[in-house]
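Worksheet: one structure, shown below.
The values are calculated or read from the model by the stated rules, or taken from the named source; none is laboratory data. Predicted, not measured: the structure shown is a model, and the values here were computed from it. Virtual Cβ from ideal backbone geometry, glycine too; neighbours counted across all protein chains shown.
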Amino acid sequence: MSLREIDTACWQQLETGAREPDAGFHFLTLASVDLQGKPQARTLVLRAVDRVQRTLEFHTDMRSPKWQALAVNPEVTVLGYSAKTQLRLQGTVELHAAHSAIAEAAWQRLSHRTQQTYAGAAPGSDIDNQSNDVSNAEDNFGVLIIQITQLDWCLLARDNNQRALLNYRSDGALTNSKWVHP
């Protein structure tokens, strides 16, 4: 497989992950640094992929500590693993708050059941802090768009582990790629 083929295959797998709930790259881990400077990692659902612009879209509750931390330090790594293939994607997050054009469009694509997950108590709040107010659900909804600058691909094979680095410009163009030791 060539470096160009790896690039194409990775983005196809990510597109499939955004489209199909049972796909290998549907649930990805987002790693960032919190407001205390400590590393944090959490699993999110991949909602959309733009292979031309090299962006990934995730949704989150704006009341979560992650939202505030990403506003301060938008540098992230997204990690996925499926079928002996690890993808590490580095990039920068753009936050799109509730009622922005991007958040509105994403909100309209969600099922009513998913929309309701943004109602109620804030993430991480005490379990005794219950709220059944669904009227504010959309006010809590935010979209994370991650501009990917590097894709680190690693295939774990018994006899021949392989690894490649692919770098992208801010317009999504592949600038360079190379094989590296796993």
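Of these, A106, A121, A101, which one is small (G, A, S) and in contact (Cβ under 8 Å) with a residue 24 or more places away in the chain? Let's see the steps before the verdict.
Working: A121 fails: in contact (Cβ under 8 Å) with a residue 24 or more places away in the chain; A101 fails: in contact (Cβ under 8 Å) with a residue 24 or more places away in the chain.
Answer to the selection: A106.
Any residue that is modelled with pLDDT under 95, out of contact with any helix residue (DSSP H, G or I) (no Cβ under 6 Å at 6 or more places or on another chain) and exposed (fewer than 10 other Cβ atoms within 10 Å of the Cβ) - is there at least one of those in region 145-159?
Yes, there is a match, as at least one residue in region 145-159 is modelled with pLDDT under 95, out of contact with any helix residue (DSSP H, G or I) (no Cβ under 6 Å at 6 or more places or on another chain) and exposed (fewer than 10 other Cβ atoms within 10 Å of the Cβ).
If you go through region 58-101 one residue at a time, how many are over 11 Å from L144 (Cα atoms) and not aliphatic (A, V, I, L, M)?
Within region 58-101, residues that are over 11 Å from L144 (Cα atoms) and not aliphatic (A, V, I, L, M) number 18.
With respect to T77, is the statement that it is closer than 26 Å to L156 by Cα, at pLDDT 95 or above, surrounded by 14 or more Cβ atoms within 10 Å (Cβ to Cβ) and of a type in the set (S, T, Y) true? Spell out the reasoning first.
Working: closer than 26 Å to L156 by Cα: yes; at pLDDT 95 or above: yes; surrounded by 14 or more Cβ atoms within 10 Å (Cβ to Cβ): yes; of a type in the set (S, T, Y): yes.
Judged against the criteria, T77 is a match.
Output the residues belonging to region 160-174 that are closer than 21 Å to M1 by Cβ, polar (S, T, N, Q) and either surrounded by 14 or more Cβ atoms within 10 Å (Cβ to Cβ) or within 22 Å of the chain's Cα centre (by Cα) (or both).
Q162, N167, listed by residue number.
Could you name every one of the strands (runs of 3 or more DSSP E) located completely within region 1-63 that has at least 3 residues being surrounded by fewer than 18 Cβ atoms within 10 Å (Cβ to Cβ) and not acidic (D, E)?
It comes to 27-33, 39-45.
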